[in-house]
Amino acid sequence: MARPRAFGYVSIPAGVSDDQAQRWQKEIVTYVDSEGHDLAGMFTDVRGNGAPAFEAMSRALCVGTVAEVVVPRLDHLEHVPGLGPADLRLLCRYLHASVVAVEEPVAAGGR
């Protein structure tokens, strides 16, 4: 039986290093694999340049068999025109897919 498929999506704020962008992408890859899914594609936008990767992912979700989008945190979706601070139910309805956030771990002791 085929494993479920997921897309990864990262929105890189201006001034963020390539290393950080790669860490976010690696978090997504690790999460998708740990959940028993296959990564069907990774979409990356740079904030301030619109959201062409998000739009391409949205179109791909309409024609494919992918039903999940994995982001490092929900704030990676806040820059998308028309969505603003992400209302998760509205976003899932818009994308016709589940949206899962891989939250960064909190330091031990709350520090």
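Could you please report the charge total around residue 33, scoring K, R as +1 and D, E as -1 over all other residues with beta-carbon less than 15 angstrom from its beta-carbon?
-1
Mind checking the dipole of region 1-103: about its Cα centre, +1 per Lys or Arg Cβ, -1 per Asp or Glu Cβ, Debye to the nearest 20?
260
Looking at region 35-94, which GluC sites (Glu not before Pro) are DSSP coil and have at most 15 other C-beta atoms within 10 Å of their C-beta?
35, 78
Since every read-out is calculated from the coordinates, none of them should be taken as a lab result. Please read these numbers as outputs of a predicted model, since none were measured by experiment. Don't worry about glycine lacking a Cβ; one is built from the backbone with ideal geometry, like all the others, and counts go over all protein chains shown.
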